[in-house]
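Everything below concerns the one structure shown next.
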Amino acid sequence: MMAVHLTILVISVLGFFALALATERHAEHLLRRLPAPPVRHVARAVGWGLLALSLALGIAYMDVGVGIALWLGWLSIAALALVFGLPKWPWQPTARAHHARQPKKGEPALSPVPMRARRRWTVLALLAAVPVVYGLALAATSVKPLMRDDAVAGQVGPWTFRLAESEQRVPELVAMDIPMKSYHVRFCSECDEQIRAAYLKVNKPRSLRAPGIVLGGMRWDRSVLIQLPANTTADSELWLTVVGKNGDTHQTSVRMGDVSPATVAWFTAREGK
């Protein structure tokens, strides 16, 4: 997941850099010469294309809402990187001479340097706080179950899927101490259009008439709350049964130890008492 964040940041920085080359002022600053207009036009197209690519990458991995927010955050940090980086470029444009304002008659002469220095440091402090605050907010944001590294990828019949438990912790105990666990399943977008229903249960269904509990919710994020047997072990299997719109039924299984290690450890400790 961190690789996705770094990729979005790097692509955004390159996009802003290309847009800088598309302007006369920054292009001359960065290259020590002014590129031809066709070159600047190409740089502008490449810059906007890279920014659009970083947005598409965020949406692809985090859905629309979170993806756009993630993109805007990294976009701000990429812009700050150029704000701090351009003044450190190996060569700088010729500084223009600024003439200090002459004080009026009877007005004491004031040096503008301390005030400018305070303003400069205040602005730099605020700019530096942006990536820090964004990083803290990003760290506090919980990752969706199907986006976590522990999500199991597999294939049932002709359809690919990802499966993950909703929370990486022990099962929830309901009435009469019955352990319950929630799981999420996502099929590929093309697969979803071919699927009528999907079911999940622990241990292999005895017949296709009782395949388990049906997965509900959004097509791209189906979820289900199922009961876990008291004899659940690491080798117990979660059976996924999928029925296509053409009537075909396919099944596959996933080891409980692979998808719910904390749950397996909880059952093991409970059995040892």
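The values are calculated or read from the model by the stated rules, or taken from the named source; none is laboratory data. Owing to the predicted nature of the structure, the values given are computational and were not obtained by experimental measurement. Here the Cβ positions follow ideal geometry from the backbone for every residue, glycine too, while neighbour counts run over all protein chains shown.
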* To do: Working only within the range 4-34, note down all residues that are more than 16 Å from Ile68 (Cα to Cα) and of a type in the set (S, T, N, Q).
  => Thr23
* When you go through Val10, Val64, Val39 one by one, which is the residue that is over 30 Å from Ser189 (Cα atoms) and of a type in the set (Val, Ile, Thr)? -> Val39
* Structure fact -> Considering the range 202-229, residues that are of a type in the set (D, E, K, R) and over 30 Å from the mean Cα position of the chain (by Cα), and then whichever is surrounded by the fewest Cβ atoms within 10 Å (Cβ to Cβ), we arrive at Arg209
* Asked: Would a scan of the range 260-271 turn up a residue that is exposed (fewer than 12 other Cβ atoms within 10 Å of the Cβ), free of Cβ contacts under 8 Å to residues at least 24 places away in the same chain and farther than 14 Å from Lys181 by Cβ?
  -> yes
* Structure fact -> With criteria (1) closer than 20 Å to Trp266 by Cβ; (2) not in a loop (DSSP other than H, G, I, E, B); (3) not hydroxyl-bearing (Ser, Thr, Tyr), Gln168 comes up short on (2)
* Asked: Which residue pairs have Cβ atoms closer than 6 Å, lie 6 or more positions apart in sequence or on different chains, and pair a first residue in the range 205-227 that is assigned by TED's automatic domain parsing to the domain that holds Cys188 with a second residue that is loosely packed, with under 12 Cβ neighbours inside 10 Å and modelled with pLDDT under 90?
  -> Ser223/Gly217
* To do: Return the total of residues in the range 7-41 being touching a helix residue (DSSP H, G or I) at 6+ places or on another chain (Cβ under 9 Å) and part of a helix (DSSP H, G or I).
  => 23
* Considering every residue within the range 53-66, establish whether at least one is modelled with pLDDT of 80 or more, farther than 30 Å from Asp150 by Cα and not assigned by TED's automatic domain parsing to the domain that holds Cys188. => no
* Considering Thr241, Thr252, Thr233, which residue is in the same structural domain as Gln194 (by TED's automatic domain parsing), at negative phi and in contact with a Pro (Cβ under 7 Å, 6 or more places away or on another chain)? -> Thr241
